[in-house]
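The values are calculated or read from the model by the stated rules, or taken from the named source; none is laboratory data. Model, not experiment: these values are computed from the prediction. Reconstructed Cβ throughout: ideal geometry from the backbone, glycine too, with neighbour counts over all protein chains shown. Note: areas computed on protein heavy atoms with side chains; ligands, DNA, RNA excluded. Shrake-Rupley method; radii C 1.70, N 1.55, O 1.52, S 1.80 Å.
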Amino acid sequence: MSERTLAIIKPDAVKKNVIGDIIHRYEQAGLKPIAIKMIHLSQSVAEGFYAVHKSRPFFESLCTFMSSGSAVVLVLQGDNAIKKNRELMGATDPAKADAGTIRKVHGTNIEFNAVHGSDSPETAQFEVGYFFPGMELSR
Ligand code: IDP
Ligand code: MG
């Protein structure tokens, strides 16, 4: 079933100049970018995006990291896009990620882990809408 998922190329990966490599991996996996923009998140925009993690000990640090530089925000579309992108990303901690995954290749540690990907249809709907108004998305 064709789905949409929200992906972010985080500031650590942008600083490492691997935007092109990561987008190439999405495309090779059949995840088609249908919306894309580079933005510098403010602290409050990062906090709103990660609101589900508000009570976690790493919340402040995560939002500071996410607003530390430009990020690339994309909507990816394809069959089983949500699960497929999670597989392509690898585990949250790059040290535990499978060989060949984006986080294994480009992540630094459990916080600076190169990419974000929605984890369920519900979060995908919230996250796509958080960054892209419906009128900007192809139908
Ligand atoms: P996910 O990105 O694999 O879905 P989540 O548990 O949703 O992982 O955490 C969101 C983000 O918060 C992670 O991608 C990572 O950047 C950061 N993070 C998660 N766990 C930790 C931690 O234990 N210490 C520091 N940062 C963390
Ligand atoms: Mg998550």
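Here is how the numbers come out for the structure above:
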{"item": "Filtered residue count, the stretch 91-133, keeping only those that are open to solvent by less than 50 Å² (accessible area, probe 1.4 Å) and in a loop (DSSP other than H, G, I, E, B)", "result": "11"}
{"item": "Single unsatisfied condition, residue 44 versus (1) farther than 21 Å from residue 14 by Cβ; (2) of a type in the set (Ser, Thr, Tyr); (3) free of Cβ contacts under 8 Å to residues at least 40 places away in the same chain", "result": "(1)"}
{"item": "Any hit, the stretch 85-92, residues being within 15 Å of ligand 2 (Cβ to nearest atom), more than 14 Å from the chain's Cα centre (by Cα) and closer than 16 Å to residue 12 by Cα", "result": "no"}
{"item": "Among the candidates 134, 90, residue that is near ligand 1 (Cβ under 10 Å from one of its atoms) and out of contact with any Gly (no Cβ under 6 Å at 6 or more places or on another chain)", "result": "90"}
{"item": "Helices (runs of 4 or more DSSP H) (entirely within the stretch 1-71) containing at least 1 residues that are in contact with a Ser or Thr (Cβ under 8 Å, 6 or more places away or on another chain)", "result": "11-15, 43-49"}
